[in-house]
Structures are given as C-alpha cells and as structure tokens.
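The block underneath contains the structure these notes are about, expressed in structure tokens.
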Amino acid sequence: MWNPPDQDLSLVKVARNAITSTQLALEGTTTWLALTDAEGRVTYEWAAVPGLRRQLARADVAEGADLTQRSAGRNGVGVALATGASTVIRGTEHLDERMHNLICAASPVLHPATRKLLGAVNVTSLADASNPHLRIALNMVLAGIQDSLCALSRTRHQRLFDAHMRVKAGTGAAIITLDRYTLIAEDGIGGLTIDRDQLWQLVQEAGARATEVVLPTGIRAQIVPVAPPTTSEGCSLVLSRLEVAGLSNVGSDSGSRGAGGPSLSQLELAEREIIASVLRECNGNKSYAAEKLRLARGTLYERIRRYRL
C-alpha cells in the first residue's frame with residue numbers, strides 16, 4: 001500500500017513508477033525492497049515472498065523502522081546514509097544476528113539538481129539464495145528515481161518561467177521570480193545584487209498567503225504566487241515602479257553617491273530610483289507619493305533626505 005509522507009518532496013511518491021517496474025522484475029525471487037527517508041526511517045517496503053517479510057519483521061525491520069546505524073547497528077541503509085555511497089552488507093557484517101543470513105545492497109538518493117539527501121533505497125535477499133541481480137535491481141530503482149526527479153525538476157523550472165513571463169506581461173515593473181531552489185531575474189536589472197536565499201527567506205517569513213514583502217532597504221515588492229493562493233511553489237516579486245533602464249546606468253549617475261555622502265548599496269540605489277520616479281509622477285507632492293509608495297510620510301521624508309532627492 002502506498003502511503004507517501006506528507007512533505008514537499010516524498011521519495012515514495014517520486015519513486016512510484018521505478019518501484020512498480022522493479023517489483024515486476026523481482027517477482028519469483030527471494031527479495032525485499034525498501035525506501036527510507038533522509039533520517040533512515042522506512043517509508044515503504046515490499047517483499048517478493050511472505051517468509052522474508054516475516055523474518056525482517058522479527059528483526060524489527062518493517063515500515064516505520066529506524067535503520068540508521070545508531071538505532072539498528074551496521075546494516076545496508078545505515079552505512080549508505082553514513083557514507084553517502086552505495087554499499088553491500090553481507091551476512092555476519094550485519095550487527096544484528098537476526099540478519100546474519102541476509103545480504104543487503106543500499107544506496108542514498110540525492111536530488112540531481114540540489115544534491116539534497118532525500119532518503120535511501122535498499123534491496124535485500126537471503127545470503128544462501130542471493131539474487132545474482134541484487135545490484136542490478138538496486139541500480140534499476142535508482143535510475144528510475146533519478147529520471148522522475150529530473151522530469152519533476154524540468155516541470156518546476158518551466159512552471160516558474162511561465163509564471164515569470166505571465167506576470168511580466170502584465171506590468172512594466174521589474175520582476176524577480178523564485179522558489180526554494182531557483183531564481184529568475186531580468187538582465188536589465190543591471191547592478192542590483194540579488195541573494196536568492198535571502199529573498200526566499202523573506203518570502204517565507206512573510207507567510208504563505210502574504211501579498212507584499214519589504215526588502216532590507218525598505219523597498220516594497222508585491223508577491224504574486226506561482227500557484228495561488230500560497231507561495232509554497234514559488235512566487236514573483238514585483239518591484240513597484242522600478243525604472244529598470246535607469247537602474248542599469250545608475251552606477252555612473254550622481255545619485256549613486258549623495259553629495260559628500262556615503263556610497264549606496266545596489267538595493268538602496270534601486271529604492272532611490274523608485275522614490276524618484278514616483279515623486280516625478282506626483283509632481284513633487286510628497287503626500288501623494290507616500291500614498292503611492294505605501295510609506296508613512298515621515299519615512300518618505302527620511303528617505304528623501306537620505307538620498308538627497
């Protein structure tokens with residue numbers, strides 16, 4: 001029975017097709033197949049014959065069992081997770097004597113793009129009736145999982161790009177689109193320094209249903225979720241009123257340094273351009289400008305003094 005854990009990326013869910021194909025190939029053998037999460041806990045297990053499953057259950061190896069070495073002693077999954085490499089544990093190499101008649105081949109599963117540890121795959125058989133294709137079965141599952149992960153990654157990137165272009169088509173402002181692993185930004189943003197990890201952390205801190213986020217320099221960005229209503233699958237940040245063309249040349253502009261004042265960071269330069277643009281639109285009316293920028297008037301006055309506008 002499939003019972004994938006409730007998490008962003010369930011290895012059991014991703015491995016569904018690979019597991020099904022491998023089980024068909026292993027029918028008629030004396031083999032046990034299992035997946036664990038990154039903490040070594042068994043999330044899925046299947047046995048070609050009931051007797052092998054009963055033996056493993058007597059050794060406290062079943063769905064939900066912790067197979068890390070600290071909990072279960074030396075075993076295939078425990079060694080694979082500890083070393084980060086494929087391994088084969090034979091017979092008496094297992095610490096638990098109840099597994100001395102078994103041979104286990106196991107490997108960690110890493111995300112192909114992020115290299116994040118997702119869990120482990122294990123194939124076990126009786127040592128005296130060892131399946132000669134034990135490693136082949138292990139590699140078959142791993143290859144299938146990697147193919148699924150690559151396909152999901154391509155789908156995620158395409159979804160992010162489509163969302164970016166959709167938002168971009170609806171506004172003349174600068175757009176940054178990102179999720180936990182990827183960031184898309186326009187070349188025309190120029191020298192603006194963008195830290196994906198910092199931006200994603202700000203989005204998460206704002207909350208899954210937030211509509212706006214304030215960048216460290218005070219720039220306000222509208223949040224447009226990739227998959228409404230939440231930002232769990234990423235979002236676009238609309239940097240309101242940002243004059244992208246002007247920002248690309250801002251380093252040579254006198255605004256990059258107040259008269260006799262300290263140099264501004266790239267985000268401060270971007271904020272300066274936003275405020276200057278809105279002030280021009282409002283013909284210098286600071287009350288209207290503050291309303292458009294959604295800033296308190298006192299904050300706007302402070303920014304005007306700070307940026308010598």
With respect to residue 79, is the statement that it is in contact (Cβ under 8 Å) with a residue 24 or more places away in the chain, in the same structural domain as residue 44 (by TED's automatic domain parsing), within 30 Å of residue 181 (Cα to Cα) and not acidic (Asp, Glu) true? yes
Residue that is farthest from the chain's Cα centre (by Cα) [pool: residues in region 57-96 that are over 20 Å from residue 46 (Cβ atoms) and basic (Lys, Arg)]: 90
Every residue in region 233-246 that is small (Gly, Ala, Ser) and at pLDDT 90 or above, please. 234, 236
Residue under question is residue 131, and the condition is that it be under 30 Å from residue 54 (Cβ atoms) and either of a type in the set (Phe, Trp, Tyr) or at pLDDT 90 or above (or both); does it hold? no
Subset of region 276-309, residues surrounded by 12 or more Cβ atoms within 10 Å (Cβ to Cβ), hydroxyl-bearing (Ser, Thr, Tyr) and farther than 18 Å from residue 221 by Cβ, comes to 288, 301, 307
Output the number of the condition that residue 122 fails; it satisfies all remaining conditions of (1) touching a residue at least 60 places away in the same chain (Cβ under 8 Å); (2) surrounded by fewer than 21 Cβ atoms within 10 Å (Cβ to Cβ); (3) not small (Gly, Ala, Ser). (2)
Could you check residue 156 against (1) at pLDDT 90 or above; (2) surrounded by 18 or more Cβ atoms within 10 Å (Cβ to Cβ) and say which number it fails? (1)
Considering each residue of region 125-153, count those that are closer than 30 Å to residue 231 by Cβ and either surrounded by fewer than 19 Cβ atoms within 10 Å (Cβ to Cβ) or assigned by TED's automatic domain parsing to the domain that holds residue 225 (or both), and give that number. 7
If we scan region 65-80, do we find a residue that is surrounded by fewer than 16 Cβ atoms within 10 Å (Cβ to Cβ), over 17 Å from residue 127 (Cβ atoms) and among the hydroxyl-bearing types (Ser, Thr, Tyr)? yes
The condition from (1) surrounded by fewer than 21 Cβ atoms within 10 Å (Cβ to Cβ); (2) farther than 22 Å from residue 143 by Cβ that residue 61 misses is numbered (1)
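The values are calculated or read from the model by the stated rules, or taken from the named source; none is laboratory data. All of these numbers come straight from a predicted model, not from anything done at the bench. Here Cβ is always computed from backbone atoms with ideal geometry, including for glycine, and neighbour counts include all displayed protein chains.
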